[in-house]
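For reference, the structure is listed below as structure tokens.
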Amino acid sequence: MPPTVLLKSLSYSRAAEIVDLLRAGPLTVNEITALMGISQPQCSHVLAILRRTGVVYSRRITGTTSREYRINENVLVSLGRWCTSSLQDNSTARR
């Protein structure tokens, strides 16, 4: 996924907050909505965007209809490297 698409997905309303919550560990939609005080449809919409771009992934909890969401650390590490590289390239170009 291109870095610009990842950045755009994080710019959606409440997306960065959800990712920040998931840094502590996996959560369900119900847990996220309770912690953030947002509606389930809004939470599910943002999670769907983050899932499509690979920022988060989910797995079905055995014996339930619930899904547990987790951060895809590889994607965020790659995005961080891209940002760092872009800053270094920009700094070098200004000299």
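The values are calculated or read from the model by the stated rules, or taken from the named source; none is laboratory data. Just so you know, these numbers come straight off a predicted model, no measurement behind them. All Cβ positions, glycine included, derive from the backbone under ideal geometry; neighbour counts span all protein chains shown.
Any residue at all in the stretch 59-67 that is closer than 27 Å to P3 by Cα, more than 10 Å from the chain's Cα centre (by Cα) and among the hydroxyl-bearing types (S, T, Y)?
No, the stretch 59-67 has no match at all.
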R59 being in contact with a Lys or Arg (Cβ under 8 Å, 6 or more places away or on another chain), free of Cβ contacts under 8 Å to residues at least 40 places away in the same chain and of a type outside the set (V, I, T)
yes
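Table: residues versus (1) surrounded by fewer than 16 Cβ atoms within 10 Å (Cβ to Cβ); (2) under 18 Å from the mean Cα position of the chain (by Cα); (3) modelled with pLDDT of 95 or more.
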site	(1), (2), (3)
I18	no, yes, yes
T28	no, yes, yes
V46	no, yes, yes
V56	no, yes, yes
R70	yes, yes, yes
T84	yes, no, no
Q88	yes, no, no
